Amino acid sequence: MGGRDSTMVLLDKNGIRCDGRKIDEPRKIMIKAGVLKNANGSAYIEFGDNKIMCGVYGPRDVHPKHMANSSTGILRCRYHMVPYSVSERKNPAPSRREIEISKVIKEALEPAVMLERFPRTAVDVFIEVLQADGGSRCAALDAASVALADAGIPMRDMVSACAAGKVADTVVLDVNNEEDQAGQADMPIGYMPNLEKVTLLQLDGIMSPKEYKECIETGIKGCKIVYEIQKKALNERYFGDDHK
Ligand code: ADP
């Protein structure tokens, strides 16, 4: 896929991965907050070759009205891949996978967002994946969390996400698309770095209890790296380039 060689070695003798990274090295991550003028909050992320835009609206009136909850606000999320986000045109209609990812992102954000402060309202999170390259749910969650903060929605903590996985019998940080497809396991993790709580944990693949533990620990290290980049994006947005 993507013009890369499908026969490539996933992990060479020197512990170098198919894209040149070390086993504990994430892909290059760039986040920019406040990129859309018509949304209440927004963020754009490049996570390796993933390119994802997120816009947030709210808190605002709930339509349809019967969805409103008189004791708390509600969070709604839509994760969507545009037709040109993958090498073969993707049908723009929501797939089962996109519906699942929308649900897990919503559930991963809910513990962080103080919805109880806004009864009868909704906060809407719209995620558009412009280019996907493995790990897009984590990258989308990272952008969504920054966009919520940019919208000024009160939050208990950021949600920082990164996957770990198993490739060539080795636990690695931040699985890319080739590793996801040819590797042995993929574990996306969402984590609140200050509260030290996991809000998203999925596992596709098989691993031993020891590898499972190592994978969670590795993924959380990745989340902490992402957290610093999220904070930097918000600092740049509100304090310009001179922040420390
Ligand atoms: P995640 O992006 O969170 O890792 P998956 O493991 O389901 O989610 O998908 C892995 C990768 O597979 C995606 O990031 C994307 O690059 C690719 N992919 C997903 N859906 C499609 C599709 N319909 N056509 C081609 N590639 C796809």
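No other residue among 61, 49 is open to solvent by 20 Å² or more (accessible area, probe 1.4 Å) and closer than 15 Å to residue 140 by Cβ apart from 49.
Residue by residue, here is whether (1) without any contact (Cβ under 8 Å) to a residue 60 or more places away in the chain; (2) under 17 Å from the mean Cα position of the chain (by Cα) holds:
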| residue | (1), (2) |
| --- | --- |
| 8 | no, no |
| 13 | yes, no |
| 38 | yes, no |
| 44 | no, yes |
| 54 | no, yes |
| 60 | no, no |
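Within segment 124-162, the set of residues being part of a strand (DSSP E or B) and buried (at least 24 other Cβ atoms within 10 Å of the Cβ) comprises 125, 127, 129, 160, 161, 162. Say whether the condition of being touching a strand residue (DSSP E or B) at 6+ places or on another chain (Cβ under 9 Å), over 26 Å from residue 8 (Cβ atoms) and among the hydrophobic types (A, V, I, L, M, F, W, C) is met by at least one residue in segment 180-188. No, the conditions are met nowhere in segment 180-188.
When the residues of segment 69-91 are filtered to those that are within 11 Å of the ligand (Cβ to nearest atom) and in a strand (DSSP E or B), the one that is surrounded by the most Cβ atoms within 10 Å (Cβ to Cβ) is 79. Residue count for segment 163-177, restricted to those that are part of a loop (DSSP other than H, G, I, E, B) and more than 16 Å from the ligand (Cβ to nearest atom): 2. Looking only at segment 92-113, filter to residues that are of a type in the set (Asp, Glu) and closer than 15 Å to residue 136 by Cα; which one of those is least open to solvent (accessible area, probe 1.4 Å)? Per the criteria, the residue is 98. Scan segment 144-164 for residues that are within 10 Å of residue 42 (Cβ to Cβ) and among the β-branched types (Val, Ile, Thr) and the total you get is 1.
If you take the residues of segment 178-208 that are part of a loop (DSSP other than H, G, I, E, B) and within 14 Å of the ligand (Cβ to nearest atom), which of them is surrounded by the most Cβ atoms within 10 Å (Cβ to Cβ)? Quick ask: steps written out before the conclusion?
Keep residues of segment 178-208 that are part of a loop (DSSP other than H, G, I, E, B), which gives 183-184, 193-196, 202-203, 206-208.
Subsequent filtering for residues that are within 14 Å of the ligand (Cβ to nearest atom) retains 183-184, 202-203.
On the way: 183: 24, 184: 18, 202: 16, 203: 17.
So, considering only residues that are part of a loop (DSSP other than H, G, I, E, B) and within 14 Å of the ligand (Cβ to nearest atom), the one surrounded by the most Cβ atoms within 10 Å (Cβ to Cβ) is 183.
Residues of segment 214-222 include at least one that is within 14 Å of the ligand (Cβ to nearest atom) and either β-branched (Val, Ile, Thr) or assigned to a helix (DSSP H, G or I) (or both).
The values are calculated or read from the model by the stated rules, or taken from the named source; none is laboratory data. Source: prediction; values computed, not measured. With ideal geometry, Cβ positions are generated from the backbone for all residues, glycine too; neighbour counts draw on all protein chains shown. Accessible surface areas use protein heavy atoms only, side chains included; no ligands, DNA or RNA. Shrake-Rupley method; radii C 1.70, N 1.55, O 1.52, S 1.80 Å.
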